[in-house]
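For reference, the structure is listed below as structure tokens.
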Amino acid sequence: MAGTRGGAGDEQALVEQWRDMLALHARTQCELDRALHRHGLCASDFEVLDVLAGSPAPDGSCAYRVQEIAERVHLSQSALSRLVARLEKDGLVERGLCAEDRRGVRVALTAKGRTLHADVRPVQRAVLTRMLAD
């Protein structure tokens, strides 16, 4: 095959490395889901809360457009919209219109969401530390 370096052994090693990464991701995701389930969350829920908890504005608030969150949590916009609707129903986030673009929607943590994130963050970080120790 033109443009590739090395032989079939190098290619096989590359494929095995890729599959090992996928397997680690799957195992870690399952462990996160298991640990976070006790707190009423799944891994994707926590990722959204974690993104929203980061980089607060000077007034302590932090809001992102749905598109910005989707890029950081690697969910489709439709899947993220459903997740945000569920988090909003649970009182963890609130949605509002973008000041810059009236068609856009911004999402921010509520006080309840910020408290839950702070309580659960050590659990998520402990799972990541354990699973990614290699």
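Quick note: the coordinates plus some simple rules give every number you see, no bench work behind them. Not measured: the values here are computed from a predicted model. A quick note on method: Cβ atoms are made from the backbone with ideal geometry, for glycine too, and the neighbour counts reach across all protein chains shown.
Below are the figures for this structure:
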read-out: From phi via Karplus (6.51, -1.76, 1.60), per-residue ³J(HN,Hα) for the stretch 69-78 in Hz, x at Gly/Pro; value: 5, 4, 5, 8, 9, 6, 10, 5, 5, 5
read-out: Per-peptide average of other Cβ atoms within 10 Å, ordering 72-82, 21-31, 107-117 highest first; value: 107-117, 72-82, 21-31
read-out: Label-reachable residues, the stretch 9-44, where backbone N falls under 15 Å from a point 7 Å from His74's Cα toward its Cβ; value: 18-33, 43-44
read-out: Contour excess over end-to-end distance, with Cα ends at Leu97 and Asp10 and 0.36 nm allotted per residue; value: 26.2 nm
read-out: Label-point separation in nm, Arg86 to Val123, each point 7 Å along Cα→Cβ; value: 1.5
